[in-house]
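A short worksheet on the structure shown next.
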């Protein structure tokens, strides 16, 4: 929808709906289009702010080192530019790491915190299997259509992929032009590797909901259990059989869990608008 200058870069963002602000922060290499299934529902209850991280989508992609602190300050700068003092914050995958850093650096700006398919970094990390990581890296050498179809196997359960393969492939191909260049993807990946909030999680005081798919191949579900055990009062919701792409695979269940949580922690209590 628009771009704004924040923290030294131009950030692409979209605003949907009205009400209390809900900031959506997406993961590695992804962009605001990945929130489609959530925006459709949540915009009926909240003012949704979805944006592309530095290095992804339509935001600037400086070829310099990135850090999770820097990307958390991108989020803060975006809220400043929009005149928003505080918001509910939902971060997915790498976006969940950005959200952790954001709440730790700006606790007064986070009304509630939702962490999806993410990890704390440091000694508590449970990594994906080395074979899977090698397969993931090999996607870069494949033709685009082949890489898309192979990549979907990392995100979704076999059953869901079999039922929805055509639409999932079509959607991925439609948004391929928003994929970051290799250098920017590498900059984001290095920020992930350098992230460590493990020993600071007990400092989080915002009401927190943690979401994960039990069959997540990219960020194994045990990482979410670590987060839930270390963030005071955190609630954990697991989606049985779902993969890292539970925002799509379990969209209805995800949206229901998010709305229930937000209504319990200061969000709107009325029915659908």
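Structural remarks
- Of the residues making up region 171-181, those that are surrounded by fewer than 15 Cβ atoms within 10 Å (Cβ to Cβ) and either within 16 Å of residue 93 (Cβ to Cβ) or touching a helix residue (DSSP H, G or I) at 6+ places or on another chain (Cβ under 7 Å) (or both) are 173, 176.
- Residues in region 193-203 that are part of a helix (DSSP H, G or I) and crowded, with 21+ Cβ neighbours inside 10 Å: 201 only.
- Taking region 204-218 as the range and being over 26 Å from residue 108 (Cα atoms) and either surrounded by fewer than 18 Cβ atoms within 10 Å (Cβ to Cβ) or without any contact (Cβ under 8 Å) to a residue 24 or more places away in the chain (or both) as the test, only 214 passes.
- Scanning region 9-18 turns up no residue that is more than 15 Å from residue 180 (Cα to Cα), without any contact (Cβ under 8 Å) to a residue 24 or more places away in the chain and surrounded by fewer than 22 Cβ atoms within 10 Å (Cβ to Cβ).
- Taking each residue of region 148-166 that is touching a residue at least 24 places away in the same chain (Cβ under 8 Å) and on the phi > 0 side of the Ramachandran plot and looking for partners that are surrounded by fewer than 16 Cβ atoms within 10 Å (Cβ to Cβ) and assigned to a loop (DSSP other than H, G, I, E, B) with beta-carbon atoms closer than 7 Å, six or more apart or interchain, yields nothing.
- Single unsatisfied condition, residue 229 versus (1) over 22 Å from residue 46 (Cβ atoms); (2) assigned to a helix (DSSP H, G or I); (3) touching a residue at least 24 places away in the same chain (Cβ under 8 Å); (4) out of contact with any strand residue (DSSP E or B) (no Cβ under 6 Å at 6 or more places or on another chain): (3)
- Residues considered: 43, 54. Of these, the only one that is farther than 26 Å from residue 167 by Cβ and surrounded by 17 or more Cβ atoms within 10 Å (Cβ to Cβ) is 54.
- Those residues of region 204-224 which are outside any loop (DSSP other than H, G, I, E, B) and either modelled with pLDDT under 95 or touching a helix residue (DSSP H, G or I) at 6+ places or on another chain (Cβ under 6 Å) (or both), in sequence order: 209, 210, 212, 213
- The one condition in (1) over 30 Å from residue 201 (Cβ atoms); (2) at pLDDT below 80 that residue 148 fails to fulfil: (2)
- Single condition residue 34 does not satisfy, out of (1) more than 18 Å from residue 110 (Cα to Cα); (2) surrounded by 23 or more Cβ atoms within 10 Å (Cβ to Cβ); (3) more than 12 Å from the chain's Cα centre (by Cα): (3)
- Which listed residue is in contact with a strand residue (DSSP E or B) (Cβ under 8 Å, 6 or more places away or on another chain), surrounded by fewer than 24 Cβ atoms within 10 Å (Cβ to Cβ), farther than 29 Å from residue 264 by Cβ and at pLDDT 95 or above, from 80, 60: 60
- Taken as a whole, the condition of being over 22 Å from residue 164 (Cβ atoms) and at pLDDT below 95 applies to residue 266.
- Any hit, region 107-122, residues being surrounded by 24 or more Cβ atoms within 10 Å (Cβ to Cβ), at pLDDT 95 or above, assigned to a helix (DSSP H, G or I) and touching a strand residue (DSSP E or B) at 6+ places or on another chain (Cβ under 9 Å): no
- For residue 132, the criteria (1) surrounded by 11 or more Cβ atoms within 10 Å (Cβ to Cβ); (2) over 18 Å from the mean Cα position of the chain (by Cα); (3) modelled with pLDDT of 75 or more hold in every case but one, which is (3).
- Checked against the criteria, residue 85 counts as more than 20 Å from residue 29 (Cβ to Cβ) and either assigned to a loop (DSSP other than H, G, I, E, B) or at pLDDT 95 or above (or both).
- Hits in region 248-268 - residues which are touching a strand residue (DSSP E or B) at 6+ places or on another chain (Cβ under 8 Å), more than 17 Å from residue 210 (Cβ to Cβ) and part of a helix (DSSP H, G or I): 249
The values are calculated or read from the model by the stated rules, or taken from the named source; none is laboratory data. Given the structure is predicted, the values throughout are model-derived calculations rather than measurements. No Cβ is skipped: glycine too gets one built from the backbone with ideal geometry, and neighbour counts run over all protein chains shown.
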